[in-house]
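This report refers to the structure that appears directly beneath it.
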Amino acid sequence: MDDAVQPSFIDLDANAEAALIAGARFAEPVKGLTHGFYKYPARFSPAFVRATIEVFTKPGDLVLDNHVGGGTTVVEAIAAGRHAVGVDISSLAEFVSSVKATVFSDAELEELSVWAKQIPDEIDLRKESIHFGDYAELGYYKHLEHKSRWRLRKAIEQGMASAIALGEPRLEAFGRCVVLRTAQWALDGRRSLPSIGEFRSFLGEAAAAMVCGARALRAASVANGVPTSALIVNRSAAGFEADKRLANIRPKLIVTSPPYPGVHVLYHRWQVDGRKESALPFMIAKRLDGSGAAHYTMGDRKGSELKKYFANIKASMGSAAAVADENTIIVQMVAFGDAQNQLPRYLETMNEIGLDELLLASLHGQGDGRLWRAVPGRRWYSRQKGDTPGSQEVVLIHRKRAAGIRPLPPQSLTTAQVHL
C-alpha cells in the first residue's frame, strides 16, 4: 500500500470476511439450481454471489445486477429470499436470465417433466422441420448449411418446434432454453461435431436436468417463506435509473461483473468450425441481434487507451451509484488486459462517480490488499494460449460517498502485487 493513503476497511467480522474470500476463490464447476441452463461467458461463481448476498443483505432486501449476463445474481437472490433486478444490453442475456430466474408452479413443472421425456423422440431427420425464414434472411443461419452441420441445424429446428408447441410463453421459453443449451454444447467451440444420436441423447438429458434445476429453485424460494420477484430489463446499463420500469428501486446490494477492459470475451456469438461466428443463439431464444462485439464489451478492445470503455463504465456504474444510498454495498468482479495500468484507472473512475473503495481487513498486507482469484474453467481456445490477461479477477468493494465527504485517492499497487 501507498503509505500516504490509509486504506478504508469494511466493517465485517472475521467469519463474514472468510465467507467472502472462500466464495470468491471457489473453483469447482458451476452447478446447482438453474445455473447450468446456459454457459454464459465469464459468468459468476454462484458460491461467490451466494456468500455476498448472505453477508450484505437480509431476506426481503433488493439485489441489483446492472450487467446481469447469465443471471447468476438474480437466481441466487431468488433462492435466498431476496428480490432481484437485472439489467443487460444483450437480449440474449435477458432471455437466459429470465428463464433461469422463473419460479415455475408445480403444475408447470409436471408439464415440463412430461415434455422432457418426449423431446428426444422429436428429433428425426426423416421428418420435416420448421425453417425460420425471417431469421434466415437476417443471417442467423450463417455457417449452418454446410454439409457437416445441416443435420444439426435440422435437429435444432425440430427442437424449437417442440418448444413452441408447449404453447404457454413461460413453458416455450423453458423449452427454447433447453434447445439453446444443447445447441451450444453441439456447436460452440467444438473441434468435432456430435452425431444426431449424441445430440438427441444430450437434449433429453439436458431437459431432465433443467427440470430438476427448476424444481430446486422453486423449493428454495418456497422454503424461504418470503414472496420474491425478479425483474430483468433489456437495455443499456447507462441511464437505467431514468427507466420507468426501474423507478424508485433502492438496492441493498449491487453485485455485478461488468465487461473487462482489454479482455476479449465473445458474449453475443458462438464460434463454429474454428473462429466462424454464429448469431444462432439469438434465433433459438426468439430474440434479435445486430450489433458488433464492441456493443457488448463497451468499447473496442484494440484501442490502446480504452477511452470508450472507461467512458461507458463511468456511465453504467454511475447509474448504479445513482440508485444506491450510503448503506448500499457495491461489489464488482473484474479482470483486466493490463491490470498494472487499467486497475488504477478503473478505481479512479469509481472515485469520480462518488464511490469509495473498501478493503477486507483480513487481507491487509497481502499483495495489494484486494481479493484476487484465478479464473477457473476458461474456454478451450483460451486454454490453448495458456494464462491470458483475464486469468486473474479481482473483487472490488465500494460504498457511495456521503454528501460533503472529501474523496480519498484510490489505493496504489505495484507490478508485483498485481500478479497474485
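The values are calculated or read from the model by the stated rules, or taken from the named source; none is laboratory data. As the structure is a prediction and not an experimental result, all values here were calculated from the model. All Cβ positions, even for glycine, are placed from backbone atoms using ideal geometry, and neighbour counts span all protein chains on display. These accessible areas exclude ligands, DNA and RNA; they are computed on the full protein's heavy atoms, side chains included. Shrake-Rupley method; radii C 1.70, N 1.55, O 1.52, S 1.80 Å.
Considering the stretch 73-96, and only residues there that are open to solvent by 10 Å² or more (accessible area, probe 1.4 Å) and assigned to a helix (DSSP H, G or I), the residue that is nearest to Gly32 (Cα to Cα) turns out to be Ala79. Among residues that are of a type in the set (A, V, I, L, M, F, W, C), in contact with a helix residue (DSSP H, G or I) (Cβ under 8 Å, 6 or more places away or on another chain), without any contact (Cβ under 8 Å) to a residue 60 or more places away in the chain and more than 19 Å from Tyr141 (Cβ to Cβ), Phe174 is not included. When the stretch 121-158 is filtered for residues that are open to solvent by less than 50 Å² (accessible area, probe 1.4 Å), within 21 Å of Asp273 (Cβ to Cβ) and in a helix (DSSP H, G or I), the ones remaining, listed by number, are Tyr135, Ala136, Leu152, Arg153, Lys154, Ala155, Ile156, Glu157.
Which of the residues spanning the stretch 33-57 are part of a loop (DSSP other than H, G, I, E, B) and under 21 Å from Val395 (Cβ atoms)?
Step one: list which residues in the stretch 33-57 are part of a loop (DSSP other than H, G, I, E, B), which gives 33-34, 38-45, 57.
Result: Tyr40, Pro41, Ala42, Arg43, Phe44, Ser45, Thr57.
Of all residues in the stretch 192-208, those satisfying the criterion of being free of Cβ contacts under 8 Å to residues at least 60 places away in the same chain, of a type in the set (Gly, Ala, Ser) and farther than 22 Å from Glu111 by Cβ are Ser192, Ser195, Gly197. On inspection, Leu358 passes the criterion of being in contact (Cβ under 8 Å) with a residue 40 or more places away in the chain, closer than 28 Å to Arg250 by Cα, in contact with a strand residue (DSSP E or B) (Cβ under 7 Å, 6 or more places away or on another chain) and not basic (Lys, Arg). There is no residue in the stretch 241-256 that is under 14 Å from Ala321 (Cβ atoms), at pLDDT below 95 and crowded, with 20+ Cβ neighbours inside 10 Å. The numbered conditions (1) open to solvent by less than 10 Å² (accessible area, probe 1.4 Å); (2) outside any helix (DSSP H, G or I); (3) of a type outside the set (Lys, Arg) are all true for Leu112 except (2).
Report the residue count in the stretch 308-328 for those that are outside any helix (DSSP H, G or I) and open to solvent by less than 10 Å² (accessible area, probe 1.4 Å). It would help to see each step written out before you state the result.
To start, the set of residues in the stretch 308-328 that are outside any helix (DSSP H, G or I) comprises 324-328.
Next, from what is left, pick out any that are open to solvent by less than 10 Å² (accessible area, probe 1.4 Å): 324, 328.
Number of matching residues: 2.
For every residue, the table says whether it meets (1) among the basic types (Lys, Arg); (2) at pLDDT 95 or above; (3) touching a Lys or Arg at 6+ places or on another chain (Cβ under 9 Å); (4) surrounded by 15 or more Cβ atoms within 10 Å (Cβ to Cβ).
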{"site": "Val331", "(1), (2), (3), (4)": "no, yes, no, yes"}
{"site": "Asp338", "(1), (2), (3), (4)": "no, no, no, yes"}
{"site": "Ile353", "(1), (2), (3), (4)": "no, yes, yes, yes"}
{"site": "Gly367", "(1), (2), (3), (4)": "no, no, no, yes"}
{"site": "Ser382", "(1), (2), (3), (4)": "no, no, no, yes"}
{"site": "Gly390", "(1), (2), (3), (4)": "no, no, yes, yes"}
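Filter the stretch 37-58 for residues that are at pLDDT 95 or above and surrounded by fewer than 19 Cβ atoms within 10 Å (Cβ to Cβ); which is farthest from Val179 (Cα to Cα)? Per the criteria, the residue is Lys58.
Screening the candidates Ser278, Ser291 for the property of being buried (at least 21 other Cβ atoms within 10 Å of the Cβ), within 30 Å of Arg181 (Cβ to Cβ) and modelled with pLDDT under 95 yields one hit, Ser278.
Within the group Leu138, Leu166, which residue is touching a residue at least 40 places away in the same chain (Cβ under 8 Å) and closer than 24 Å to Ala208 by Cα?
Values: Leu138 fails: closer than 24 Å to Ala208 by Cα.
Answer to the check: Leu166.
Listed by first and then second residue, the pairs with beta-carbon distance under 7 Å, at least 6 apart or on different chains, first residue in the stretch 78-101 and at positive phi, second open to solvent by 10 Å² or more (accessible area, probe 1.4 Å) and in a helix (DSSP H, G or I), are Gly81/Asn224.
I'm trying to understand the selection: among the residues of the stretch 130-162, which are among the polar types (S, T, N, Q) and at pLDDT 95 or above?
Going through the stretch 130-162, the residues among the polar types (S, T, N, Q) turn out to be 148, 158, 162.
Matches in the stretch 130-162: Gln158, Ser162.
Looking at Val211, Val179, just one residue is touching a residue at least 60 places away in the same chain (Cβ under 8 Å), closer than 22 Å to Leu266 by Cβ and within 24 Å of the chain's Cα centre (by Cα), and that residue is Val179.
In this structure, is Ala220 open to solvent by less than 10 Å² (accessible area, probe 1.4 Å) and touching a residue at least 24 places away in the same chain (Cβ under 8 Å)? Answer is no for this residue.
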